[in-house]
Amino acid sequence: MELHKREYIEEAAGAVRQHASIVPQVALITGSGLAELADEAINATPIPYGDIPHFPQSTVAGHPGELVVGELENVPVVIQRGRVHFYEGYSMQQITFPIRVMQALGAETLIVTNAAGGLNPAFSAGDIMAIRDHLNLTGHNPLRGPNDPELGPRFPLMAGAYSPRLRQLARDVARELGVELQSGVYAGLAGPTFETPAELRFLQMMGADAVGMSTTPEVTVARHGGMQVLGFSIVGNMALPDEIEAAVEAQAGEGEAEEVHDEVLEAGQRAVPRLQAIIRGVLRNYAR
Ligand code: HPA
């Protein structure tokens, strides 16, 4: 798939509408290990990606694939439960196709979540960060190619991509809940390798607070389509270059890749109830 053809988007949206009559206002993407964010939706209809024409299928453990149409806090929502990633071999257009479909179904706002490595030394594993801005360091852009002006402008603005209004709302909700909420810049890389210490230093110098392998493509397409975006990273692991180098020096680096992935999933699990509470609070106020 090269382009987001309007007929493909309509075919996919039509298939979803055949399963569920709710017209969603808000779209959610639940990232690595965060699928249970979708578990609390009521009147929920799960639709496996396999039942939706042109939808990409996920290949990674911990990323089940279904769209869930339902309600959260009385707000009609569509939840993309599990995303596909560029590192799996999908094109940027495939990764972001679900955004077009969720928007076609009616969603005006996107709430996106991911698991990330923490680059800001003030963070700890298990923290939640509201994304203030991003660095698209994938080397690619899903909008490359002919532009369909019905979907959005040729040169979309990315300043203000993460809605100041929604971030303020998230901060207010977190304060009310007594939940700590960090704020920062998310660096989106292509992966699948974790970064070298030199790369982590470079990312810190660029002003990144967290690093991951998703989100920037989806947010780019959501903004192209004019959606409002709110993004959260769960800091699954700290990715501090000096500490990683010291651990490698101490020969503590054996079999580490698996461990980091497990660590990310585990810290993600711990943060899920807090992030769930923040998202629910945002939705409660969204309806007003
Ligand atoms: N680097 C890149 N992506 C990630 C990380 C990391 O340390 N943790 C979770 N996703």
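If you line up the long axis of helix 164-177 against the longest principal axis of the chain, both from Cα atoms, how many degrees apart are they, to the nearest 10?
It is inclined by approximately 70 degrees.
Using only the Cα atoms of the stretch 11-121, what semi-axes does the equivalent ellipsoid have when each is the square root of 5 times a gyration tensor eigenvalue? Give whole Å, largest first.
So the equivalent ellipsoid measures 22, 17, 12 Å along its semi-axes.
State the extension gain, in nm to one decimal, for the chain segment bounded by ARG6 and ASP172, taking 0.36 nm per residue of separation less the distance between their alpha-carbons. Show your work: numbers first, answer last.
Values: separation 166, 0.36 × 166 = 59.76 nm, distance 3.80 nm.
In short, 56.0 nm is gained.
Find how much the distance from ALA250 to THR45 grows on full extension, using 0.36 nm per residue of separation minus their present alpha carbon separation; answer in nm with one decimal.
So the chain would gain 68.8 nm between ALA250 and THR45.
Rounding to the nearest 10 and keeping the result within 0 to 90°, find how far the Cα-based axis of helix 6-19 lies from the longest principal axis of the chain.
80
For a quick protection proxy, order the peptides 215-224, 195-204 by their average other-Cβ count within 10 Å, most packed first.
Taking the mean over residues of other Cβ atoms within 10 Å, the ranking is 215-224, 195-204.
How far, in degrees from 0 to 90, does helix 256-286 lean away from the longest principal axis of the Cα atoms of the chain, to the nearest 10?
For 256-286 against the chain, the angle is about 50 degrees.
If each residue of separation counts as 0.36 nm, what is the full-extension length gain between GLU243 and ASP148 once their alpha-carbon separation is subtracted?
Residue separation times 0.36 nm, minus the Cα-Cα distance, leaves 29.5 nm.
How much space per residue, in cubic angstrom, does the convex hull of the C-alpha atoms of the stretch 84-124 take up? Working shown, then result.
On the way: hull volume 4.1 nm³, N = 41.
Here the figure is 99 Å³ per residue.
Based on the mean of other beta carbon atoms within 10 Å per residue, what is the order of 129-140, 158-169, most packed first? The partial results should precede the final answer.
Working: 129-140: 18.7, 158-169: 14.8.
Ranked from most to least packed, the peptides come out as 129-140, 158-169.
How big is the stretch 48-204 by Rg and Dmax over its Cα atoms, in Å?
Just the Cα atoms of the stretch 48-204 yield Rg and Dmax of 17.0, 47 Å.
Considering only DSSP beta bridges with both partners in the chain, what is the antiparallel share in %, to the nearest 5?
Taking every DSSP beta bridge with both residues in the chain, the antiparallel ones total about 35 percent.
Would you compute, for the Cα atoms of the chain, the largest minus smallest coordinate along each principal axis and list the three values in descending order, in whole Å?
57, 43, 34
Computed from the coordinates by the stated procedures, all read-outs in this text should not be read as laboratory data. Please read all numbers here as calculations on a predicted model, not as lab measurements. Ideal geometry is used to build each Cβ from the backbone, glycine not excepted, and the neighbour counts take in all protein chains shown.
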